[in-house]
Amino acid sequence: HGKKTYFNINRHINPTNICKDVCKFCAYSASRKNPNPYTMPIEEIVEIAKHSWENGAKEVHIVSAHNPEAGLDWYLGMFRAIKEELPDIHVKALTAAEINFLAEEYGLTIDEVLDRMVENGVDSMPGGGAEIFDEKVRDYICKGKVSSEGWLDIHRKWHQRGKKSNATMLFGHVEKREHRIDHMLRLRALQDETGGFNCFIPLVYQKENNFLKVEEFPTGQEILKTMAVSRIVLDNIPNLKAYWVTATINLALIAQEYGANDLDGTIERESIQAAAGARSAHGMPLDEFVHLIKDSGFIPVERDSLYNELKVW
């Protein structure tokens, strides 16, 4: 991508934190570490989306918890309501983990959930829930969540519908380097098969307010090496995102020199990583975002959710 660094003007909405799963790395779901459960009414979610659209957001990124009390109509109804109000906004929603939960909770097949997502206005899928694909690590950090094969199969089926998605990897906790490589190689194989991944996002584990007892955290150098290795191994996934929310903005800017060509977006508000200590609760002003990219010697390019270029700043 040369000197181009992509970003979008987006809004993260996290509509509920009530979750039937207890992932050890999570500080967001309502638990004894975070005793403030909430579920937003659909009207509130639509109002947030409207406000963000008026502020220039082209995308709403909707990820929440596995809430058995909310109901299938609540999950799908919010997308439909947003599209009825804002037909041109891009809805990126439901991780493979959420889809797996909905299928199990409501006695549906994965195909039925995916078809209903399309019918109700979901445009693309985020990459969350992948964590680390190695089953022993997965069993320790997020037992009961979608399996690695389940995650890959859900994205395969989504791609077969002509839709795009992202892929993530949560690193810097109890996994080893070989687990990261195994994770990348499995994504590479699926991308060779479907070509449906837009972007790979290595997420740096956030250490506050959760149940994982991690003593040693990756250095900045280790994080940048992981970025560089990701870019080399995943030569078939077009974009590599340095997600500033988990990497910090300073390290994300340096990651542009290590293969990253995307910094996500302005976000406006974010609750999941912020609960674990990330400095993302209130997003990043657009002019500051553009200035930081320029100041680091790169060209800020505003994109849409599918990486079409909208404006070169």
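In the range 196-210, which residues are more than 18 Å from Pro126 (Cβ to Cβ) and either modelled with pLDDT of 95 or more or in contact with a Leu (Cβ under 8 Å, 6 or more places away or on another chain) (or both)?
Residues satisfying the conditions do not exist here.
Read through the list (1) out of contact with any Asp or Glu (no Cβ under 8 Å at 6 or more places or on another chain); (2) without any contact (Cβ under 8 Å) to a residue 60 or more places away in the chain; (3) of a type outside the set (Ser, Thr, Tyr), then give the number of the only condition that Asp123 fails.
Here Asp123 clears every test but (2).
Answer with yes or no whether Ile237 is in contact with a Cys (Cβ under 9 Å, 6 or more places away or on another chain), closer than 17 Å to Ser124 by Cα and among the hydrophobic types (A, V, I, L, M, F, W, C).
yes
Quick one: how many residues across the range 162-172 are assigned to a loop (DSSP other than H, G, I, E, B) and either among the polar types (S, T, N, Q) or modelled with pLDDT of 95 or more (or both)?
Residues meeting the conditions: 3.
Mind checking whether some residue in the range 16-25 is more than 18 Å from Asp264 (Cα to Cα), in contact with a Gly (Cβ under 9 Å, 6 or more places away or on another chain) and open to solvent by less than 10 Å² (accessible area, probe 1.4 Å)?
No, the range 16-25 has no match at all.
In the range 257-267, what count of residues is obtained for those that are surrounded by 22 or more Cβ atoms within 10 Å (Cβ to Cβ) and either at pLDDT 95 or above or acidic (Asp, Glu) (or both)?
Final tally of qualifying residues: 4.
A quick yes/no check of all residues on (1) within 26 Å of Glu135 (Cβ to Cβ); (2) free of Cβ contacts under 8 Å to residues at least 40 places away in the same chain; (3) surrounded by 16 or more Cβ atoms within 10 Å (Cβ to Cβ); (4) among the β-branched types (Val, Ile, Thr):
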residue	(1), (2), (3), (4)
Glu193	yes, yes, no, no
Phe197	yes, no, yes, no
Ile237	yes, no, yes, yes
Leu240	yes, no, yes, no
Val245	no, yes, yes, yes
Asn250	no, yes, no, no
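Run Ile232 past the list (1) at pLDDT 95 or above; (2) in contact with a helix residue (DSSP H, G or I) (Cβ under 6 Å, 6 or more places away or on another chain) and report the number of the one that doesn't hold.
Condition not satisfied by Ile232: (2).
Quick one: which residue in Glu119, Glu47, Glu54, Glu43 is surrounded by fewer than 16 Cβ atoms within 10 Å (Cβ to Cβ), more than 25 Å from Gly283 (Cβ to Cβ) and not aromatic (Phe, Trp, Tyr)?
Glu119
Taking the condition more than 17 Å from Thr5 (Cα to Cα), open to solvent by 10 Å² or more (accessible area, probe 1.4 Å), in contact with a Ser or Thr (Cβ under 9 Å, 6 or more places away or on another chain) and part of a helix (DSSP H, G or I), does Arg188 pass?
no
Name the one entry in His159, His155, His183 that is open to solvent by 10 Å² or more (accessible area, probe 1.4 Å), within 21 Å of Leu240 (Cβ to Cβ) and not in a loop (DSSP other than H, G, I, E, B).
After applying the criteria, what remains is His159.
Being of a type in the set (A, V, I, L, M, F, W, C), open to solvent by less than 40 Å² (accessible area, probe 1.4 Å) and out of contact with any Leu (no Cβ under 6 Å at 6 or more places or on another chain) is the filter here, so list the residues in the range 162-180 that pass it.
Residues satisfying the conditions are Met169, Phe171.
Please list, ordered by residue number, the helices (runs of 4 or more DSSP H) wholly in the range 36-116 having 1 or more residues that are under 24 Å from Lys164 (Cα atoms) and in contact with a strand residue (DSSP E or B) (Cβ under 7 Å, 6 or more places away or on another chain).
Result: 42-54, 72-85.
The values are calculated or read from the model by the stated rules, or taken from the named source; none is laboratory data. Keep in mind it's a predicted model, so treat the numbers as computed, not measured. Note: ideal-geometry Cβ built from the backbone for every residue, glycine included; neighbour counts use all protein chains shown. Side chains are part of the model used for accessible areas, which takes the heavy atoms of the whole protein and leaves out ligands, DNA and RNA. Shrake-Rupley method; radii C 1.70, N 1.55, O 1.52, S 1.80 Å.
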